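Here's the structure we're looking at; comments come further down.
The values are calculated or read from the model by the stated rules, or taken from the named source; none is laboratory data. All values derive from a computational prediction rather than experimental measurement. Because the Cβ atoms are built from the backbone with ideal geometry, glycine has one as well, and the counts that use them run over all protein chains shown.
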Amino acid sequence: MIPYAKFLGVELSLQEGTIISHLPFKEGNIGNPILAALHGGAVAGFLENAALLDLMWQTP
């Protein structure tokens with residue numbers, strides 16, 4: 001539904017009526033391969049998508 005969430009590899013699950021967002025490991029989300037650290041934009045994008053999806057879920 002959201003292209004950037006699909007690009008990042010965001011996965012969703014439903015637990016007790018609550019949406020749970022999960023960002024599994026994906027090589028393309030690594031910003032610094034030496035440290036194997038997530039790219040800051042990937043983290044920010046994931047958080048933005050998690051908030052958006054939660055709002056979409058709660059809005060009638």
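When you scan region 51-60, do you find a residue that is β-branched (Val, Ile, Thr) and surrounded by 15 or more Cβ atoms within 10 Å (Cβ to Cβ), even just one? Within region 51-60, none of the residues are β-branched (Val, Ile, Thr) and surrounded by 15 or more Cβ atoms within 10 Å (Cβ to Cβ).
Per-residue answers, yes or no, for (1) in contact with a strand residue (DSSP E or B) (Cβ under 8 Å, 6 or more places away or on another chain); (2) free of Cβ contacts under 8 Å to residues at least 12 places away in the same chain:
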residue	(1), (2)
PRO3	no, yes
LEU12	yes, no
GLN15	no, yes
SER21	yes, no
LYS26	no, no
GLY31	yes, yes
GLY45	no, no
GLU48	no, yes
LEU55	no, yes
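Matching residues to (1) hydrophobic (A, V, I, L, M, F, W, C); (2) modelled with pLDDT under 90; (3) outside any helix (DSSP H, G or I):
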{"residue": "SER13", "(1), (2), (3)": "no, no, yes"}
{"residue": "GLY31", "(1), (2), (3)": "no, no, yes"}
{"residue": "ILE34", "(1), (2), (3)": "yes, no, yes"}
{"residue": "PRO60", "(1), (2), (3)": "no, yes, yes"}
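Being of a type in the set (A, V, I, L, M) and either under 19 Å from LEU12 (Cβ atoms) or not in a loop (DSSP other than H, G, I, E, B) (or both) is the filter here, so list the residues in region 36-58 that pass it. Answer for region 36-58, where residues must be of a type in the set (A, V, I, L, M) and either under 19 Å from LEU12 (Cβ atoms) or not in a loop (DSSP other than H, G, I, E, B) (or both): ALA37, LEU38, ALA42, VAL43, ALA44, LEU47, ALA50, ALA51, LEU52, LEU53, LEU55, MET56. Number of residues in region 23-47 that are within 14 Å of ALA5 (Cβ to Cβ) and out of contact with any Phe, Trp or Tyr (no Cβ under 9 Å at 6 or more places or on another chain): the value is 8. If the condition is being closer than 22 Å to THR59 by Cβ, small (Gly, Ala, Ser) and either surrounded by 15 or more Cβ atoms within 10 Å (Cβ to Cβ) or at pLDDT 90 or above (or both), then region 15-29 contributes only SER21.
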